[in-house]
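Notes follow the structure.
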Amino acid sequence: MSSATFRIWRGNAEAGAFEDYTTEVSEGMVVLDAVHQIQAEKANDLAVRWNCKAGKCGSCSAEVNGNPKLMCMTRLNTLPLDEPVTIEPMQTFPLIRDLVTDVSWNYEVKKRIKQFAPRKPDAPDGSWRVDQYDVERVQEFRKCIECFLCQDVCHVLRDHRLHDKFIGPRYLVYTAALEMQPLDTEDRIADLANDHGVGYCNITKCCTTVCPEDIAITDNAIIPLKERVVDQMYDPLTKMLRMFTG
Amino acid sequence: MTYESFEYDVLVIGAGGAGLRASIEASSAGVSVGLVCKSLLGKAHTVMAEGGMAAALGNVDDRDSWKVHFADTMRGGQYLNNWRMAELHAQEAPTRARELESWGAVFDRTKEGKILQRNFGGHKYPRLAHVGDRTGLEMIRTLQDHGIHQGIDVHMECTVIELLKDGDRVVGAFGYDREKGRFRVYTARAVVLASGGIGRAFKVTSNSWEYTGDGHALAYRAGAELMDMEFVQFHPTGMVWPPSVRGILVTEGVRGEGGVLRNSEGKRFMFEDIPELYKSSTADDEEEGWKYTQGDKESRRPPELLTRDHVARCIVRELREGRGSPHGGVFLDIAWIKERLPNGAEHIKKKLPSMYHQFKQLAGIDITQEPMEVGPTTHYVMGGIRVEADSQMSTVPGLFAAGECAAGLHGANRLGGNSLSDLLVFGQRAGQHAAAYAKEQTGASINSDQVEAAARLALEPFEREGSDAEGPYQVQFDLQDMMQAQVGIVRSQAEIQKALDAFGQLYERAGRVGVQGNREYNAGWHTALDLRNLLMVAEAVAKSAILRKESRGAHFREDFLEKDSEQAKLNTVTRLGAGGEMEVVQEPLAPIRDDLAQIIDDNK
């Protein structure tokens, strides 16, 4: 059995510092295991958020050696253990304590997006007929586990702090899932352009890089939304047509 | 003291599938709803459900109907089920599934564009509506995204530690917020418990830290009866390696798609022991089993798709007899289907994406190339709060329960896929009836003595420092080790008794637990508070297990290997005795209605 040192951020919004903890590591361990071990042995009150420990709930997001990661899916054998492993909370959200941040802003943003509104059912029993092909396109977006790592890494939020103007990659994916839902009848394009700030995204693809579900956020969600905004809001022909059709 | 206070018509505790569905229903009935959850919204254990949601839609095989689903559920539960719940569940699940679609869920489709259904253990026909192998995520997200527009007040990261009563009636709850550790008083005309399971009472479990039997213990302390607590489901296939992921679930969907179990000798050992009840519905050979998984209607299911209790025990047999895999499991092989399907590897990735991902990332194994190692993991508790079938009201007025924390639907063993449907069917019913009950009530008064007593008790761990105090984690670990070893998959009088003898000391140690730091997001403190619930439910499991002297469903006694016809008629009831002691007794089941008995006979 060997040991490794973990440099963990301890503190709250007022004050804090990194603290080093050395603990034993064994084959197959992930970062969250090390954090739990430290919590049980040395720092009972260490604050960390987690649930499923299998990459399915998106609770244990943090920055490991500066990279936004799910701690439960980051194996220690992917990190250099001859130097301390740095673990710190996500930087885009206000700190609560230690590794836990206040992500409530995300929940507020979601409420502002128009909810799903299905077309009338196709069959008398209230069900619909949908092709598997159409289903698969939105299923990619619906894989999202809401870990908010894409929000964490997005420079519009992280560096420019435009939380009140831009909904961030997570909610662009959410909007894309609704817009491309085969049954949906709602129109969210004007909101995207005006209130949700889709234009702030300059497609640097940082969000795509960190997504633990491998959702092609930029290519499959954001760019198509940007195109729809352009088509609907700025295309002169469409604009004229709309004047006649209402 | 004054605490932050909230008042609702209906307070729902727990925000997994059942709690969300109950909240949505109560809210649509026009009452005010508060929803309290231990974690962030959308993170509850429902997200872990992989295989699907059982509903007799008949989209893939039109011979299916609620009657067949009912008979399957009763057979799976070894007839200890509350038959009325099994009836309602089978009848209402299709409506609940379609409703989920109308709220935005995106299920996989059949060629005709209907909701696709897959095979699962114990279900006669392909019955599980699903989304790849992440159906639970689809369900919780759909409910969450629908629920946030319903005017429900959500209290995230808030834990309830005591229910408050006015006379016989439950009128509220007392808890704390995780962020600051501040106490909160909730006044409510009706309370719905939807707090999930008790997996953390065992060492190897698929459950997260949250599942410490809170709802069970809250209800018990409030005077409600629990039922059938001996029935704990050990899912046959959890990961066994690496050690840190031991217990994480490997979906039954792997077997539904054609995955097979083999021992170290390469033998498909499941063919060796097929229970009498299932002989006529199980494949004779490997070929027939394969055809079944590929949708051949004339074929019967492979023995890997027998009920979970049976598969788990067969795995334990192989392990005990020395035919296990290198890391103490058996082999689950889906890669072999490449022999049968030209694009096998792609097919596996498409049908089981999160399993592919999970093994690749956590174990460094490519499941399209090599077998997985799997072994049983504590997954689900069939037992729980005793409820009235139609309304889901417990034996205490004003207190309702739905989902895993309620008892009845699953009897001695739950069929895979019947949990997600349970959450929706009975979440809806609990929400509806709690709202109706709340409307009939006049104001309730909160007793400040109860509040103060709960607050005092909760803060005690901070006052215990010094040599006598012990950290909360070691007590929890010791309890988990004990339950795993002595009240686990294979039980006996002597072993259970050993566990029961050890409870005194564990309670005593729990009473001495001390914590460091302050009340802000303090995991040690939370673990200390959860210990009380965990010990209570563990004791109920052990006491119920020693009373049932037979093997039935998930409860397997090596000193009583057979089913007993007398105990077939008995439920096990746990309640708080007059002197504060735990009382566990057996009570007769209600005789089944004739028409339902006929359905069971017709489907034998």
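The values are calculated or read from the model by the stated rules, or taken from the named source; none is laboratory data. Bear in mind the structure is a predicted one, so any value in this text is a computation, not a measurement. Every residue, glycine as well, gets a Cβ built from its backbone with ideal geometry; the counts of neighbours run over all protein chains shown. We work out accessible area using only protein heavy atoms, side chains counted, and drop any ligands, DNA or RNA first. Shrake-Rupley method; radii C 1.70, N 1.55, O 1.52, S 1.80 Å.
When the residues of segment A:90-114 are narrowed to those that are among the basic types (Lys, Arg) and more than 7 Å from every other protein chain (Cβ to nearest Cβ), which ends up least open to solvent (accessible area, probe 1.4 Å)?
Step by step, filter segment A:90-114, then rank; the result is A:Lys114.
Give B:Ala44, B:Ala54 a once-over and let me know the one that is more than 14 Å from chain A (Cβ to nearest Cβ), modelled with pLDDT of 95 or more and buried (at least 24 other Cβ atoms within 10 Å of the Cβ).
B:Ala54
For B:Asp61, all conditions in the list (1) in contact with a helix residue (DSSP H, G or I) (Cβ under 6 Å, 6 or more places away or on another chain); (2) open to solvent by less than 10 Å² (accessible area, probe 1.4 Å); (3) not β-branched (Val, Ile, Thr) hold save one; what is the number of the exception?
So the condition that B:Asp61 fails would be (1).
Which of the residues belonging to segment B:95-112 are over 20 Å from B:Ala71 (Cβ atoms) and open to solvent by less than 10 Å² (accessible area, probe 1.4 Å)?
Selection gives B:Leu100, B:Glu101, B:Gly104, B:Ala105, B:Val106, B:Phe107.
Based on what the data block shows, is A:Thr86 of a type outside the set (A, V, I, L, M, F, W, C), open to solvent by 10 Å² or more (accessible area, probe 1.4 Å), more than 10 Å from chain B (Cβ to nearest Cβ) and in contact (Cβ under 8 Å) with a residue 12 or more places away in the chain?
yes
Return the total of residues in segment A:138-147 being more than 7 Å from chain B (Cβ to nearest Cβ), outside any loop (DSSP other than H, G, I, E, B) and among the hydrophobic types (A, V, I, L, M, F, W, C).
Result for segment A:138-147: 1.
Can B:Asp72 be described as open to solvent by 20 Å² or more (accessible area, probe 1.4 Å) and either of a type outside the set (S, T, N, Q) or farther than 21 Å from B:Leu143 by Cβ (or both)?
Judged against the criteria, B:Asp72 is not a match.
Yes/no per residue for (1) assigned to a loop (DSSP other than H, G, I, E, B); (2) out of contact with any helix residue (DSSP H, G or I) (no Cβ under 6 Å at 6 or more places or on another chain):
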site	(1), (2)
B:Thr187	no, yes
B:Val191	no, yes
B:Gly196	yes, no
B:Tyr211	yes, no
B:Gly215	no, no
B:Leu218	no, yes
B:Ala224	yes, yes
B:Met229	yes, no
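Assuming B:Ile274 fulfils every condition listed in (1) open to solvent by 10 Å² or more (accessible area, probe 1.4 Å); (2) among the aliphatic types (A, V, I, L, M); (3) in a helix (DSSP H, G or I) apart from one, which condition is it?
(3)
In segment B:428-455, how many residues are among the small types (Gly, Ala, Ser), part of a loop (DSSP other than H, G, I, E, B) and under 18 Å from B:Thr2 (Cα atoms)?
2
Return yes or no: is B:Tyr507 within 30 Å of B:Gly471 (Cβ to Cβ), open to solvent by 30 Å² or more (accessible area, probe 1.4 Å) and of a type in the set (Ser, Thr, Tyr)?
For B:Tyr507, the condition - within 30 Å of B:Gly471 (Cβ to Cβ), open to solvent by 30 Å² or more (accessible area, probe 1.4 Å) and of a type in the set (Ser, Thr, Tyr) - is met.
Between B:Gln480, B:Gln516, which is within 14 Å of another protein chain (Cβ to nearest Cβ), out of contact with any Leu (no Cβ under 6 Å at 6 or more places or on another chain) and at pLDDT below 95?
B:Gln516
Tally up the residues in segment B:129-150 that are within 10 Å of chain A (Cβ to nearest Cβ) and among the hydroxyl-bearing types (Ser, Thr, Tyr), please.
1
Among (1) surrounded by fewer than 16 Cβ atoms within 10 Å (Cβ to Cβ); (2) more than 10 Å from chain B (Cβ to nearest Cβ), where does A:Ala117 come up short?
Condition (2) is where A:Ala117 drops out.
Evaluate segment B:287-309: report whether one residue or more is within 18 Å of B:Val490 (Cα to Cα), open to solvent by less than 10 Å² (accessible area, probe 1.4 Å) and outside any loop (DSSP other than H, G, I, E, B).
Scanning segment B:287-309 turns up no residue that is within 18 Å of B:Val490 (Cα to Cα), open to solvent by less than 10 Å² (accessible area, probe 1.4 Å) and outside any loop (DSSP other than H, G, I, E, B).
Of the conditions (1) more than 20 Å from A:Trp105 (Cα to Cα); (2) more than 11 Å from chain B (Cβ to nearest Cβ); (3) without any contact (Cβ under 8 Å) to a residue 60 or more places away in the chain; (4) β-branched (Val, Ile, Thr), A:Val135 fails just one. Which one is it?
With respect to (1) more than 20 Å from A:Trp105 (Cα to Cα); (2) more than 11 Å from chain B (Cβ to nearest Cβ); (3) without any contact (Cβ under 8 Å) to a residue 60 or more places away in the chain; (4) β-branched (Val, Ile, Thr), A:Val135 is out only on (2).
Counting only residues that are open to solvent by less than 10 Å² (accessible area, probe 1.4 Å), give me the strands (runs of 3 or more DSSP E) lying completely in segment A:1-78 with at least 3 of them.
A:2-11, A:61-64
Run B:Ser354 past the list (1) within 18 Å of the chain's Cα centre (by Cα); (2) of a type outside the set (Val, Ile, Thr); (3) part of a helix (DSSP H, G or I) and report the number of the one that doesn't hold.
(1)
Can you pull out every residue in segment B:350-373 that is farther than 22 Å from B:Gly247 by Cβ, modelled with pLDDT under 95 and away from chain A (no Cβ under 12 Å)?
Of everything in segment B:350-373, just one residue is farther than 22 Å from B:Gly247 by Cβ, modelled with pLDDT under 95 and away from chain A (no Cβ under 12 Å), namely B:Lys351.
Could you look through segment B:319-335, keep only residues that are in a loop (DSSP other than H, G, I, E, B) and in contact with a strand residue (DSSP E or B) (Cβ under 9 Å, 6 or more places away or on another chain), and pick out the one that is most open to solvent (accessible area, probe 1.4 Å)?
B:Pro326
Answer with yes or no whether A:Met233 is open to solvent by less than 30 Å² (accessible area, probe 1.4 Å), at negative phi and either free of Cβ contacts under 8 Å to residues at least 40 places away in the same chain or in the same structural domain as A:Glu136 (by TED's automatic domain parsing) (or both).
No: the conditions fail for A:Met233.
Looking at B:Val425, B:Val316, which one is touching a Lys or Arg at 6+ places or on another chain (Cβ under 6 Å), assigned to a helix (DSSP H, G or I) and of a type in the set (Val, Ile, Thr)?
Being touching a Lys or Arg at 6+ places or on another chain (Cβ under 6 Å), assigned to a helix (DSSP H, G or I) and of a type in the set (Val, Ile, Thr) holds for just one of B:Val425, B:Val316, which is B:Val425.
B:Val475: at pLDDT 95 or above, within 29 Å of A:Lys42 (Cβ to Cβ) and crowded, with 17+ Cβ neighbours inside 10 Å, yes or no?
yes
Kindly indicate whether any position in segment B:113-125 is at negative phi, surrounded by fewer than 24 Cβ atoms within 10 Å (Cβ to Cβ), within 14 Å of another protein chain (Cβ to nearest Cβ) and at pLDDT 95 or above.
Checking segment B:113-125: at least one residue is at negative phi, surrounded by fewer than 24 Cβ atoms within 10 Å (Cβ to Cβ), within 14 Å of another protein chain (Cβ to nearest Cβ) and at pLDDT 95 or above.
Residues to consider are A:Phe141, A:Phe148, A:Phe166; find the one that is open to solvent by less than 30 Å² (accessible area, probe 1.4 Å), within 21 Å of A:Val230 (Cα to Cα), among the hydrophobic types (A, V, I, L, M, F, W, C) and in contact with a helix residue (DSSP H, G or I) (Cβ under 9 Å, 6 or more places away or on another chain).
Being open to solvent by less than 30 Å² (accessible area, probe 1.4 Å), within 21 Å of A:Val230 (Cα to Cα), among the hydrophobic types (A, V, I, L, M, F, W, C) and in contact with a helix residue (DSSP H, G or I) (Cβ under 9 Å, 6 or more places away or on another chain) holds for just one of A:Phe141, A:Phe148, A:Phe166, which is A:Phe166.
Could you give me the residue pairs with C-beta distances under 7 Å whose first residue belongs to segment B:97-110 and is under 14 Å from A:Gly126 (Cα atoms), whose second residue is surrounded by fewer than 24 Cβ atoms within 10 Å (Cβ to Cβ) and among the acidic types (Asp, Glu) wherever it lies, and which are 6+ apart or on separate chains?
Here the result reads B:Gly104/B:Asp145, each pair linking segment B:97-110 to a residue that is surrounded by fewer than 24 Cβ atoms within 10 Å (Cβ to Cβ) and among the acidic types (Asp, Glu).
Among residues belonging to segment A:11-63 that are under 23 Å from B:Ala469 (Cβ atoms) and of a type in the set (A, V, I, L, M, F, W, C), point out the one that is farthest from the other protein chains (Cβ to nearest Cβ).
The residue in question is A:Ile38.
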